[in-house]
Amino acid sequence: MLSRLPARVVALRAKVFEKVNGDNAITFPNEQVGPDRFQELYSHPAANGRSRGAGLSDLFWYWLSPGPEVHQEHLEAGPRYDDVARATRTFLAGPSDALAEAATRCTAKVLDEVLTGRVTEVRLRDLMMPVWAEYFYELVFGEPCPRYARDLIVGHANDVVTSLKCTGLRHPARRARLTRYLTVRLADVRHPLPGTLSETEQVHYLQGTYFNTAVVQMSEAMAHLLLALAQHPEVAERIGDDRYFAHVLDETFRLYPLFGIAHRITTDDIVLDEHTTFPAGSVLCFSYPDYHATGYADPHVFDPGRWESTAARHEHHIPFGVAANRPCPAWRLSPLAMRASAREVLRRVSLHSTATHTRSLPSRGPCLLVRDGPVPRLRLAFLRVRDRWEDVWRSVVQLVLGTAMVLHAHHLRPAGRYFDTHDTQGCPVRH
Ligand code: HEM
């Protein structure tokens, strides 16, 4: 009974979200648009609205503040989006060797601090946060990250992901400390910032893109990769092989996609065929886990070997979104940096974990890092019991805090209020 509680609470939370947002959102793949036409719908030119017209946007804007109105992910198509997307591409470009070398160096620096004994217990997401804070600070400012800045970045990114997963409430004051720091440092950024944004918006662009999304996504992705390696030692042994590593990453992204759902608001009618039409203003939700689970034998099994005989591009596999509709700009950088970082971890320690591995990983991935000598079996057994128990009470906390935040976002209406007074390009409108 207790072991089934977390899943039930998650289902209940989804219902609360649906009810409060009141969008009549449709989730795909479904009977109407199955996995075979999923990408066709996702790639449709009229499936390109991002924020305006969906109650769901209030919730995302609430979680991503400050500055959700200039976050690339939430900008509507148009000149401002093009300008911001161009700037992001410039920041994330660079020779592969240099991008990988920086990941090795930042990982090594953090491990030097953390690995003090033979056995170190960590939560993998927490272990990785300072690594990517250092990494993206270097990418933005072109110099090593001071400890003070690292703490501000981790504090901010942690606050965002903790509230997104409903394991804690958001703390605007904590986030504002990073905003103040970035405001002072704006002139030191090494690449041109989007010229269509005001200085305050440029600060929010930096904060939202590099010190929230980038740090959170890379830390989550690494937590999944390292936890999978901890639970499949035979796979961990082979990650020195580049080809095999690519399969491991494909399989990790397939089974644990970082996005549960990505949504689009249709800006025009979509007619897929005579029976399938979506009017303008529909909220379409694309479920990554459901799509990634179709078309594979034993889809719920972690099996990098399945990629030996097929290529990800031929399968239901879109870890970085769809090319035709705003894919992730870090699709090239992320795998390179993750490979370098994972190898640096495994060069120093072996990984062991008995924690439950789920896509949303609210436990942050408890894991033992063992430098040498025997694996502490008793500690692993304790970790298992604690993990299952934490799952139960955490799911209740998530329900309560999630409901509170959904109601608060609904009350504040950050996206709705913005579009009451601005058009899709951020220009003030008079009523
Ligand atoms: C392994 C790591 C990552 C994964 C799996 C990932 C995944 C994704 C996915 C699936 C989307 C598309 C969502 C949609 O269709 O709405 C996306 C969008 C985005 N990602 Fe990533 N991401 C990762 C890392 C990063 C990093 C490091 C950055 C750093 C800047 C980043 C920045 C963005 C931005 C700005 C968008 C919005 C793109 C747009 O709307 O134009 N991501 N990401």
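The values are calculated or read from the model by the stated rules, or taken from the named source; none is laboratory data. Everything numeric in this text was worked out from a predicted model, so none of it was measured. Cβ atoms come from the backbone with ideal geometry, glycine included; neighbour counts cover every protein chain shown. Calculation scope for accessible area: heavy atoms of the full protein, side chains included, ligands and nucleic acids excluded. Shrake-Rupley method; radii C 1.70, N 1.55, O 1.52, S 1.80 Å.
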* Asked: Computed from the mean reciprocal separation of all distinct C-alpha pairs, what Kirkwood hydrodynamic radius does the chain have, in Å?
  -> 22.6
* Under a plain spin-label model, where a point goes 7 Å from the Cα along Cα-to-Cβ, how far apart in nm are ASP273 and ASP423? -> 3.9
* Using only Cα atoms, locate the centre of the stretch 71-88 and the centre of the stretch 123-198, then give the distance between them in Å, rounded to an integer. => 20
* Rough spin-label spacing in nm, given labels placed 7 Å along Cα→Cβ, for GLU101 and ASP83 -> 3.5
* Asked: the stretch 283-309 to the stretch 205-224: how many Å between their Cα centroids?
  -> 23
* Asked: Counting only heavy atoms of protein chains, what accessible area per residue, in Å², does the chain have with a probe of 1.4 Å?
  -> 44
* Calculate what fraction, in whole %, of the accessible area of the stretch 38-110 sits on carbon and sulfur atoms when a 1.4 Å probe is rolled over the protein chains. => 58
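Between ALA297 and VAL396, what length comes free when the chain is fully extended (0.36 nm per residue of separation minus the Cα-Cα distance, one decimal in nm)? If you can, show how the numbers build up before the last one.
Values: separation 99, 0.36 × 99 = 35.64 nm, distance 3.39 nm.
The ALA297-VAL396 span can extend by a further 32.3 nm.
Kindly state, to the nearest 0.05, the FRET efficiency for VAL16 paired with ALA176, given R0 = 25 Å and r defined as their beta-carbon distance.
Numbers: r = 29 Å, r/R0 = 1.14.
The calculated FRET efficiency here is 0.30.
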* Identify the residues of the stretch 205-221 with backbone N under 16 Å of a label point that sits 7 angstrom from the Cα of THR183 along the Cα-to-Cβ direction, or state none. => 205-208
* Which ³J(HN,Hα) values, rounded to whole Hz and listed in residue order, are derived for the stretch 97-106 from phi using the Karplus coefficients 6.51, -1.76 and 1.60 in 6.51 cos²θ - 1.76 cosθ + 1.60 with θ = phi - 60°, glycine and proline given as x? -> 4, 5, 5, 6, 4, 5, 5, 4, 5, 5
* Asked: Could you give the length gained on full extension between LEU169 and ARG332, defined as 0.36 nm per residue of separation minus the Cα-Cα distance, in nm?
  -> 55.4 nm
* Asked: Where the accessible area of the stretch 337-431 is counted over protein heavy atoms with a 1.4 Å probe, how much of it, in %, is carbon and sulfur?
  -> 61
